[in-house]
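The structure appears below as structure tokens.
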Amino acid sequence: MPASPEALADPELEATAWDLDPLVDGDGEQAVDRLLDEAGVRAEAFAAHNEGGVSGYDGPALVAAMTELGGISELVGRVGSYAALRFSTDTADPANGALLQKVQEKATAIQTKLLFFDLEWAALPDERAEELLAADGLDFCRHHLRSERRYRPHLLSQPEERILSEKSITGRSAWARLFSELTSAIEVEMPAGGESAGERVALDVALSQLQSPDRDVRRTTAEAVTGALEPGLRTRAYLFNTLLHDKAVDDRLRSYPHWLASRNLSNEASDESVAALVEAVRRRYDLPQRWYRLKAELLGIDRLADYDRMAAVTDEDESFTWREARELVLDCYGSFSTDLGNLVGRFFNERWIDAPVRPGKRGGAFCAYTVPSVHPYVMLNYTAKRRDVLTLAHELGHGVHAALAQRQGVFHQSTGLTLAETASVFGEEIVFGRLLEQTDAPSSRLALLASSIEDSIATVFRQVAMNRFEDVVHTARRADGELSVERLGELWADSQTEMLGDSVELTDGYRTWWSYVPHFISTPGYVYAYAYGQLLALSVYQRYVEEGPDFVPSYLELLSAGGSMAPEELGRIVGVDLTDPAFWDNGLVLVERQLEAAEAAAREALGARA
């Protein structure tokens, strides 16, 4: 059984910190300097021998060049990962910030030396490029090289690209780091009546209290979060405005037709397919509205407020110790595939996870792929809620995807963002299914099914609503100039209201909650990939439900392929046709089935109460 809240002073959780030594051979900052120096020397030598000569390559010369570029990328990637991961666990430590800045500056200098290669490769005539791509020995980078040529219309001259590269370290990356430091430092003074009353806690801890079954706790917690966001709001708004304009300038210089075009290109997704996804989801905003109206009945209120959306629908307040979460997730992955179970075990046993909430630690959760020569790392802010168990399963899905794809090498380990959520959502579904199997009590089943539909709402519908917010914000910034805090709040509220209709009341305080979302700052346009990935993963999981164990080999093949193929080819491995315009509608049917199951459980619970 899950542990009681009193049992959650959890020494095992507090000890769950990652070991970053493998990234730097156990030598810390000394290795950072050594590896960067080696990368710099190799980059200088590569440029001296190859600049101006790419057009004269034969097949073996291209293989040799890509092998060397891969080696340099591994060196820079190791130290870059070390610095970024160290910074993420304590953004308040000046030493961590200084190390990250040093690494970014030196990495940018190395990247600048190598800019010529991508430009010369892109400049080759198509016939000549295809001749070279047919050479033996290019499997480790062939898809990457072909994909890079898609950027031909958007590349500038070499001097211009050099200037942009050199200045990037004091541009977007600097602003993104500042945003991370500012949001990581936010503390919320918890109100009376809930957990940690009177204490100042990290933003993630406070947000977790919005799941409380007590409406007064939810309301006062939301007010406390709004109050904590207020002091730095204008600074974060200025930062956001600056990056919105920075992207507008970049898009103009590179001749991108609209703000999302560069993201779609990097995701290997056509503008038309992304628009089809977004519009398919918007057409089904009736699904979240349907659920929220029913949820109001379950909670015994006329209409939900924004702070009620994540409220528990039963009086249960399940908590899981770190050990319970670990054993559950390990068993679920191992039951699906022994190989995956063993791989997940390494994350726990070899210190690839950093789990506890700490002052100054970056909020949220993520998996860092790092480089193929080391291994991925998972970061959590574990607060012992059931949602945290599913988050653990989710991030470990990213982790096994990264680990299985290591064999593809540095150019093909990562997929585009649109497929990046496949393994994570799949892993989450496996653990959710186990939790549901183990639950007999009607109230517990209702809680789980409600959690499932709310996860889909958050991942599909809310992310598309956030995409709509980004769309209007980027468009308005380009047309109208700098946007005030009030205007940003209006646009945020409008995008959320479109999704929620009249099923949820948006309070005035909620208008500032855009201001802690990191994706808007660090990865513009990212959020639609969550909806893409969720609908894709649900379709893939449905194939598993239909085929059973026979599906496992093709699924592992998909993960092992990494980003070595186009998304459509990767989908075909598991029998999914991403080119079918009806694909998104089919995925939304699966979401509707989740909703129907949750509705049935809710009606049963309401009937029992009557």
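The values are calculated or read from the model by the stated rules, or taken from the named source; none is laboratory data. Treat the numbers as computed from the prediction; the structure is a model and nothing was measured. Don't worry about glycine lacking a Cβ; one is built from the backbone with ideal geometry, like all the others, and counts go over all protein chains shown.
A single member of V389, V357 is surrounded by fewer than 22 Cβ atoms within 10 Å (Cβ to Cβ), of a type in the set (A, V, I, L, M) and touching a residue at least 12 places away in the same chain (Cβ under 8 Å), and it is V357.
For every residue, the table says whether it meets (1) at pLDDT 95 or above; (2) farther than 30 Å from A185 by Cα; (3) not assigned by TED's automatic domain parsing to the domain that holds A45.
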| site | (1), (2), (3) |
| --- | --- |
| A64 | yes, yes, no |
| E68 | yes, yes, no |
| S73 | yes, yes, no |
| G77 | yes, no, no |
| Y82 | yes, no, no |
| A92 | no, no, no |
| L99 | yes, no, no |
| A122 | no, yes, no |
| A129 | yes, yes, no |
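Pairs meeting the criteria (first residue in the range 134-151 and outside the structural domain of D118 (by TED's automatic domain parsing), second residue in a loop (DSSP other than H, G, I, E, B), beta carbons under 6 Å, at least 6 apart or on different chains) are lacking. When every residue of the range 20-39 is checked against the conditions, at least one turns out to be modelled with pLDDT of 95 or more, in contact with a helix residue (DSSP H, G or I) (Cβ under 8 Å, 6 or more places away or on another chain) and outside any helix (DSSP H, G or I). Contact map, the range 462-484: first residue free of Cβ contacts under 8 Å to residues at least 24 places away in the same chain and more than 18 Å from H519 (Cβ to Cβ), second residue among the aliphatic types (A, V, I, L, M) and surrounded by 15 or more Cβ atoms within 10 Å (Cβ to Cβ), Cβ cut-off under 7 Å, separation 6 or more or different chains; pairs are A476/L483; A476/L491.
Out of D216, D246, one residue alone is without any contact (Cβ under 8 Å) to a residue 60 or more places away in the chain, touching a Gly at 6+ places or on another chain (Cβ under 7 Å), surrounded by fewer than 18 Cβ atoms within 10 Å (Cβ to Cβ) and in the same structural domain as V517 (by TED's automatic domain parsing). It is D216.
Restricting R234, R218 to those that are more than 26 Å from K295 (Cβ to Cβ) and not in a loop (DSSP other than H, G, I, E, B) reduces the list to R234.
Scanning the range 464-502 for residues that are in contact with a Lys or Arg (Cβ under 7 Å, 6 or more places away or on another chain), in a helix (DSSP H, G or I) and farther than 17 Å from Y528 by Cα returns V485, G489, A493. Taking helices (runs of 4 or more DSSP H) as the structural unit, those lying wholly within the range 269-337 and holding at least 1 residues that are assigned by TED's automatic domain parsing to the domain that holds P356 correspond to 322-336.
Entry remark, the range 178-206: residues being part of a helix (DSSP H, G or I) and either hydroxyl-bearing (S, T, Y) or surrounded by fewer than 20 Cβ atoms within 10 Å (Cβ to Cβ) (or both) number 7 in total. Count of the range 403-434 residues, restricted to those that are within 15 Å of the chain's Cα centre (by Cα) and either of a type in the set (D, E) or on the phi > 0 side of the Ramachandran plot (or both), is 2. Within the range 540-588, the set of residues being of a type outside the set (G, A, S), under 22 Å from the mean Cα position of the chain (by Cα) and closer than 19 Å to E428 by Cα comprises V540, Y541, Y555, L556, L558, L559, L588.
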